[in-house]
Each structure stands twice: as C-alpha cells, then as structure tokens.
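Below is one structure; the comments refer to it alone.
Read-outs throughout are calculated quantities, based only on the coordinates presented, and are distinct from any laboratory measurement. Keep in mind that what you see is a predicted model, and the values were worked out from it rather than measured. Methodologically, a virtual Cβ is constructed for each residue, glycine included, from the backbone with ideal geometry; neighbour enumeration extends over all protein chains shown.
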Amino acid sequence: MRAHLLLPLLLMPTAAQALELSGRYGYVGEWAVTAALAETPSARSWRKRDFTGPVTLKHLAICGPGEALEKSGTLSLRRDGRHYAATLTIGEDSCAVSGTLAEDGVAFADCGKAGKIPLRLWLK
C-alpha cells in the first residue's frame, strides 16, 4: 500500500486506552502507589493523551500515631511518550509533578505547604 494512503489511518483516533501504574511516594519511598487510569477521549491527540482515575497509596513503613495505613484519591495525568505531567489529589491535598514514567525516574511533586516530595511512577 502506498505511504500517502496509510497516513490517514495513522492519524485516526484509536480506542480509549487504560493505563496501569505502580510507583513509590515519599522521602524514602515509604508509600506504594497503584493507579488504574482511563483515557479521557475528548482530550486525546495523536501524541499527547490524558488519563484520570483512582490512585491508592499504601504505607510500607511503621506508621506513626494517627497515620493512615492506606490513602486513596485521584490521579490526572497527561502522557507524551514516557514523559508525563500529573496532579495527585489525596483528600484536600493536591500535588503537581512532571517526570518520566520509569522505575528509576525520580520526580519531585510540588505539594504546596508540604514541600517537594519524591515520586516515582512507572507502567505495570
């Protein structure tokens, strides 16, 4: 088939995708992160894709008094290849972060008053 005939097929939107992530959050990676995100079809382009969905953080260390063993919230993520920009929301707290989806890719989530907290996210 000729290349000029294939180009329209390559530019056509594909079906919405799911994105499953794992990660670590905290100064020593004390929170395990899992997220199952669904693609937002209206924001999809041929290169950048938006995803949103629930996120769970499980504490891996000894908890201090009054600290929860598990937290849940939402993660909104714009993906461009391996790079991403995201907003992590847990209760009233919200963190903005951008980085690379890789197990060794450490980014620093800007969590307002809580400061900049290390976050690593990668594909399951």
Notebook entry, point to check: In nm, to one decimal, how far is the Lys48 label point from the Glu30 one, both placed 7 Å along Cα→Cβ?
Noted result: 3.5 nm
Note to self: What distance in nm lies between label points placed 7 Å from Cα along the C-beta direction at Glu20 and Glu103?
What the structure shows: 1.6 nm
Note to self: Sort Thr52, Thr40 by Cβ crowding within 10 Å, fewest neighbours at the top.
What the structure shows: Thr40, Thr52
Next item on the list: Sort Arg79, Arg47 so that the residue with the fewest other Cβ atoms within 10 Å of its own Cβ comes first and the one with the most comes last.
Entry: Arg47, Arg79
Checklist line | Reference-scaled alpha-carbon Rg (2.2 N^0.38 Å with N residues) for the stretch 42-124 | finding: 1.17
